Amino acid sequence: MRYPGIVHIKKGEARALKAGGAWIYDNEIERTEGTFDNGDLVTVLDFDGYCLGHGFININ
């Protein structure tokens, strides 16, 4: 079993997600952890490690 990858959002970029936004753009990502393919489920964390939720990743 493969564990979900992790996406860390840059400081100040999680505002839209916390307000109900559904998208994360590449310029808002600080770093990623783990391995994943397009369509895989990932965990999304803000800059201090707070879990914002889960979503599907598209690296294109």
Could you grab me the full set of residues in the range 1-11 that are more than 9 Å from the chain's Cα centre (by Cα) and touching a residue at least 24 places away in the same chain (Cβ under 8 Å)?
R2, Y3, P4, K10, K11
State the number of residues belonging to the range 21-49 that are out of contact with any His (no Cβ under 8 Å at 6 or more places or on another chain) and more than 10 Å from I9 (Cα to Cα).
10
Residues located in the range 30-60, provided they are in a loop (DSSP other than H, G, I, E, B), touching a strand residue (DSSP E or B) at 6+ places or on another chain (Cβ under 6 Å) and on the phi < 0 side of the Ramachandran plot
F36, D46, I57
Can you tell me which residues in the range 44-54 are under 15 Å from E28 (Cα atoms) and within 9 Å of the chain's Cα centre (by Cα)?
V44, L45, D46, L52
Within the range 11-29, identify whether any single residue is touching a helix residue (DSSP H, G or I) at 6+ places or on another chain (Cβ under 6 Å) and part of a loop (DSSP other than H, G, I, E, B), and answer yes or no.
yes
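Where a number appears in this text, it was derived from the coordinates with a stated rule and is not lab data. Because the structure is predicted, anything quoted here is derived from the model rather than measured. All Cβ positions, even for glycine, are placed from backbone atoms using ideal geometry, and neighbour counts span all protein chains on display.
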